[in-house]
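Worksheet: one structure, shown below.
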Amino acid sequence: MKKISKYLLLMSLVALLAACTKEKKIERWLKKGVGEWQVTSFQSKHYQNGVLQSDGEIIYFGKYVFDEKGTFFMISYNDSAQTNVGYEAAGSWTNSKDVIYLNYKDGGVEEMKILEMKKDKMKLEYNSGYSEAEKYINTLFLEKTD
């Protein structure tokens, strides 16, 4: 009887730990409430053939919205009042313990590495470019809005 009790206790602890994995914490954290994240800063480094060409902050007005159904919406604006829409995109999202995967409806996929997570802030990094010889490393700073 003691062996069964110890086994049940051990299995309960394993189930509890599995439910509290970092992936699940990130998932709950992203979509907490509405899951709306305002971009507060956008920095980009441009490399050509491995040589840094430019490094600076880009003026960017936009936000990401994550929901509990695993869908996301991203919008960028042409103005700080956020009234003139410049670009919109949507799709589905998933995450691992250190990456948010955005699967765009048009077929594109973006891996956003989670560099930092705080209560209502996060810092993400993703790569873009036209070829292996030319790439951009982009860093997004986001704040949760309610």
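Calculate, for segment 42-146, the solvent-accessible area per residue in square angstrom, rolling a 1.4 angstrom probe over the heavy atoms of the protein chains. Could you put the intermediate results ahead of the total?
Working: 6450 Å² over 105 residues.
Value for segment 42-146: 61 Å² per residue.
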Checklist entry - Hey, any idea what % of segment 98-146's accessible area is carbon plus sulfur with a 1.4 Å probe? => result 43
Item to check | Dipole of segment 86-146, positive direction: furthest Cα of Ile137, Leu115, Gly86, with charges on the beta-carbon | outcome: Leu115
Checklist entry - If amide H atoms are built 1.01 Å from N in the plane of the peptide, which residues on other chains or at least 5 residues away come under 5 Å of the amide H of Val99? => result Ile114
Checklist entry - Carbon and sulfur atoms: what percent of the 1.4 Å accessible area of segment 42-81 do they account for? => result 49
Item to check | Accessible surface ranking that places the most exposed of Leu102, Leu115 first, with a 1.4 angstrom probe | outcome: Leu115, Leu102
Item to check | Stretchable slack from Asp120 to Glu132, in nm (0.36 nm times residue separation minus alpha-carbon distance) | outcome: 0.9 nm
Checklist outcome for this item: The summed charge of the Tyr87 Cβ neighbourhood (under 14 Å; Lys/Arg +1, Asp/Glu -1) stands at -2
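Roughly how big is segment 31-146's charge dipole about its Cα centre, with Cβ charges of +1 (Lys, Arg) and -1 (Asp, Glu), in debye to the nearest 20?
On the way: 14 positive and 18 negative charges, 76 e Å.
With only Lys, Arg, Asp and Glu charged at Cβ, the dipole is about 360 debye.
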Item to check | Hull shadow area, averaged, segment 78-146 [alpha-carbon convex hull, nm²] | outcome: 6.3
Checklist entry - In Å, what is the Rg of the alpha-carbon atoms in segment 79-118, and how long is Dmax? => result 13.2, 35
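Please go through segment 93-124 and write out the trypsin sites (Lys or Arg not before Pro) that DSSP classes as loop and that have at most 11 other C-beta atoms within 10 Å. Could you put the intermediate results ahead of the total?
Values: sites: Lys97, Lys105, Lys113, Lys118, Lys119, Lys121, Lys123; in loops: Lys97, Lys105, Lys118, Lys119.
Here the trypsin sites (Lys or Arg not before Pro) that fit, given the DSSP loop and packing criteria, are Lys97, Lys105, Lys118, Lys119.
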Item to check | Area accessible to solvent at Thr71, 1.4 Å probe radius, in Å² | outcome: 60
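The values are calculated or read from the model by the stated rules, or taken from the named source; none is laboratory data. Predicted model, so just to flag it, every value in this text is computed and none were measured. Neighbour counts run over all protein chains shown; Cβ positions are idealised from the backbone, glycine included. Please note that ligands, DNA and RNA were not included when accessible areas were found on the heavy atoms of the full protein model with its side chains. Shrake-Rupley method; radii C 1.70, N 1.55, O 1.52, S 1.80 Å.
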